[in-house]
There are 2 protein chains.
Amino acid sequence: MNPAFRFTLEARDGRARSGRLATTRGEIRTPAFMPVGTAATVKAMLPESVAATGADILLGNTYHLMLRPGAEQIAALGGLHRFMNWGGPILTDSGGYQVMSLTDLRKMTEDGVRFRSHIDGSEHWLTPERSMEIQRLLGSDIVMAFDECTPFPCTREQAAASMRLSMRWAERSKAAFGAPERQALFGIQQGSTHPALRQESADRLREIGFDGYAIGGLAVGEGQAVMFEVLDFAPDMLPEDRPRYLMGVGKPADLLGAVARGVDMFDCVLPTRSGRTGQAFTRRGVVNIKNARHAADPRPLDADCTCPACAGYSRAYLHHVFKAGEIVSSMLLSWHNLHYYQELMAGIRRAIGAGGLAGFAEATQARWAAGDIAPL
Amino acid sequence: MNPAFRFTLEARDGRARSGRLATTRGEIRTPAFMPVGTAATVKAMLPESVAATGADILLGNTYHLMLRPGAEQIAALGGLHRFMNWGGPILTDSGGYQVMSLTDLRKMTEDGVRFRSHIDGSEHWLTPERSMEIQRLLGSDIVMAFDECTPFPCTREQAAASMRLSMRWAERSKAAFGAPERQALFGIQQGSTHPALRQESADRLREIGFDGYAIGGLAVGEGQAVMFEVLDFAPDMLPEDRPRYLMGVGKPADLLGAVARGVDMFDCVLPTRSGRTGQAFTRRGVVNIKNARHAADPRPLDADCTCPACAGYSRAYLHHVFKAGEIVSSMLLSWHNLHYYQELMAGIRRAIGAGGLAGFAEATQARWAAGDIAPL
């Protein structure tokens, strides 16, 4: 493992683990949730506010940043951290997923993917080598190998071919990555829902050797039940002493279930995207602030929450500013949701440390199921 | 004067004055610029951030708040301060100006104005009595008399009739206002560009007796030259020992010129609205951040500015997030502009205290005229 990165497991509870991932830009407490800063901003948040929620690390999107403002441009401006004013660690994805999900005109070959920008139609290439170069230019702390996120559903043959392509790309990613002093490289396990393919992928990644391992190809429409079925076996195939990162997940209940199955890291746009559409995650489940029943409610979203939205404002206010289309609505609800996600992760870490994750998960889910606060 | 409100003039420099207006919710340093919080939010800002820029007082819009969420609703929730989480003083306008500028179907009579909401078409009335009731329900610290903002241009006869209607409404506003312990009432001078009408209006307002006096009917399309011509005589007609408030003004140069002519208070949406459209006010004049020449510029908007946008970000970043339509663009530029406005007001107050307003204005305008920072 890159000497600048040190992953220390501190506690285990069943298959769940808690620990710390040291980077040259600070420590990441695991299990960790990484807010998504797609275009060099966690939407509707200032970076100091993201840090105040308890986030140790952000995710940046290679695809978006390579198109606008451009990786070379960001490098010329001192790298992504300086550009977006975030001093902590940043993980960047490889761009592969967004190329497949956001572009219409694309052509995939053994070499990589040729595509047109969804912003201006300009033509671009992404290959393992170019993805590594872009992530080096961005200066991310954790670089993701370039892969194809296998679609769901697909045949076993498609899943195998896609996984094997990703493994060839993983090898090229590792070779192109080299041995930078301040960056770590994560490989990505594919194989869809098939244990044998997941095992083949894990074995191949382990042979190549990475600083951490992601579980790819989930949260792509298969649903929580199927995802958990895969997580029942997939994480255990990956090296025990390296962080395991489940990409693009998820809802609070997904996080609980995935941690219990051995996952250490997560990223998802859900807390910020939901914040912008008026949906708040709370200890008492989801609150849809646009619902008219909140219009006269003087109570906060969650009386036990210490975030600025709950400390300073009523549901009535949050309802009002959402209905009025005010930016402060996105600001406050995004902050609340990121705060809630980080509190959930902190609770998960404490529970693992105390050997009580199952009880914590049960109590947490019972509160969610009890539902939103009682009517006035 | 309401004993809860005390206006203390501390320095004079020509016709300019500096001082302090004490309210039960805190002191307002004058000359003062009031950020506008139309719908119970200063757009794209959290109230603690507005306070951090140096703002002592906010303005709220009666028209918007009466329609959504409703004055009775805000009162039931503890008043506007609690609703919007702002503990400092709030001035509310009377609703008269917005009724005339934002509604299509309206009917004005001696009694008041009947109109349809621009939000949902519902029918409403505004009268001096209802405006006072709404502003009482909102709990604003400074209440504005209900008036008609005389349009520009208009004939002398129209200006006279409009002004006299506003004076009858001023009397009814005063009667309906009563003698609340924690609120002050400001009258509004009208009379368009005509000295005799402005004098008649000032005399009538003084007879009725107000805690402060606004200069209305300006910044409605007449241009800075005409506005300054009116300000050459209008403020001096108002009581010397009461604050004078020029409504809806303005650009930085308008503030300099109006202070020099004896104005103590201002409000304007310009710093926040311009922030949302990519326009920044700086010591070196206006910067249009969407201009492509900023795309690779590593320098801050203004190297001497201490606001978060200038302390943490390059012009290249601000250009990028504006082009990408990111909310953080509105957040950072609104913050910068409000910070700049408050710094300008602080500079004005210091200059008046030192008897050097003319020199300060000249130097400030010379820097604006020198233009934006040199090319790299």
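The values are calculated or read from the model by the stated rules, or taken from the named source; none is laboratory data. From a predicted model like this one, the values you see are computed outputs, not experimental measurements. With ideal geometry, Cβ positions are generated from the backbone for all residues, glycine too; neighbour counts draw on all protein chains shown.
Selection of segment B:99-119 for residues being in a loop (DSSP other than H, G, I, E, B) and of a type in the set (Val, Ile, Thr) yields B:103, B:109, B:119.
Can you tell me how many residues in segment A:83-101 are of a type in the set (S, T, N, Q) and farther than 15 Å from residue A:185 by Cβ?
3
The set of residues in segment B:204-224 being over 18 Å from the mean Cα position of the chain (by Cα) and part of a helix (DSSP H, G or I) consists of B:204, B:205, B:206, B:207, B:208.
State whether the residues of segment A:343-354 include one that is part of a loop (DSSP other than H, G, I, E, B) and not polar (S, T, N, Q). Checked against the condition, which is being part of a loop (DSSP other than H, G, I, E, B) and not polar (S, T, N, Q), segment A:343-354 yields at least one hit. Cβ separations smaller than 6 Å between residues 6+ apart or across chains give the following pairs from segment A:191-203 residues that are outside any helix (DSSP H, G or I) to residues that are at pLDDT below 95 and among the hydroxyl-bearing types (Ser, Thr, Tyr): A:192/A:150. Entry remark, segment B:3-22: residues being in contact (Cβ under 8 Å) with a residue 60 or more places away in the chain, loosely packed, with under 15 Cβ neighbours inside 10 Å and either farther than 22 Å from residue B:237 by Cβ or touching an Asp or Glu at 6+ places or on another chain (Cβ under 6 Å) (or both) number 1 in total. One residue stands out among those in segment A:47-72 that are over 21 Å from residue A:214 (Cβ atoms) and either away from chain B (no Cβ under 13 Å) or modelled with pLDDT under 95 (or both): the one that is surrounded by the most Cβ atoms within 10 Å (Cβ to Cβ), which is A:53. Could you list all residues from segment A:51-71 that are under 18 Å from the mean Cα position of the chain (by Cα) and part of a loop (DSSP other than H, G, I, E, B)? Matches in segment A:51-71: A:53, A:54, A:55, A:56, A:57, A:61.
In the set A:253, A:296, A:316, only one residue is of a type in the set (Gly, Ala, Ser), within 14 Å of chain B (Cβ to nearest Cβ) and surrounded by fewer than 18 Cβ atoms within 10 Å (Cβ to Cβ); that residue is A:296. Looking across segment B:85-112, the residues that are farther than 19 Å from residue B:173 by Cβ and within 18 Å of the chain's Cα centre (by Cα) come down to B:86, B:88, B:89, B:101, B:102. For segment A:319-348: of the residues being of a type in the set (A, V, I, L, M) and more than 11 Å from chain B (Cβ to nearest Cβ), which is surrounded by the fewest Cβ atoms within 10 Å (Cβ to Cβ)? Looking at residues that are of a type in the set (A, V, I, L, M) and more than 11 Å from chain B (Cβ to nearest Cβ), I get A:346. Just one of the numbered conditions (1) at positive phi; (2) modelled with pLDDT under 95 is not true of residue B:79: (2). Of the residues examined, residue A:140 is not one that is among the polar types (S, T, N, Q) and in a helix (DSSP H, G or I). If you go through segment B:73-89 and pick out every residue that is within 10 Å of chain A (Cβ to nearest Cβ) and either in a helix (DSSP H, G or I) or surrounded by 18 or more Cβ atoms within 10 Å (Cβ to Cβ) (or both), you end up with 9. On the stretch given as segment B:320-335, residues that are free of Cβ contacts under 8 Å to residues at least 12 places away in the same chain and within 23 Å of the chain's Cα centre (by Cα) total 0. Condition check: basic (Lys, Arg) and modelled with pLDDT of 95 or more. Does residue B:116 satisfy that? Here the answer is no, as residue B:116 does not meet what is asked. Applying the set (1) surrounded by 23 or more Cβ atoms within 10 Å (Cβ to Cβ); (2) closer than 20 Å to residue B:14 by Cα; (3) in contact (Cβ under 8 Å) with a residue 40 or more places away in the chain to residue B:280 leaves exactly one unmet item: (2). Residues considered: A:21, A:77, A:67. Of these, the only one that is more than 25 Å from residue A:231 (Cβ to Cβ) and in contact with a Pro (Cβ under 7 Å, 6 or more places away or on another chain) is A:77. Per the listing A:103, A:92, the residue uniquely crowded, with 24+ Cβ neighbours inside 10 Å, more than 14 Å from chain B (Cβ to nearest Cβ) and either at pLDDT below 95 or out of contact with any Phe, Trp or Tyr (no Cβ under 7 Å at 6 or more places or on another chain) (or both) is A:92. Tell me, yes or no, whether segment A:304-313 has at least one residue that is of a type outside the set (Ser, Thr, Tyr), more than 14 Å from chain B (Cβ to nearest Cβ) and surrounded by fewer than 19 Cβ atoms within 10 Å (Cβ to Cβ). Yes: one or more hits.
Every condition in (1) buried (at least 24 other Cβ atoms within 10 Å of the Cβ); (2) more than 14 Å from chain B (Cβ to nearest Cβ) is met by residue A:44 except one, and the failing one is (2).
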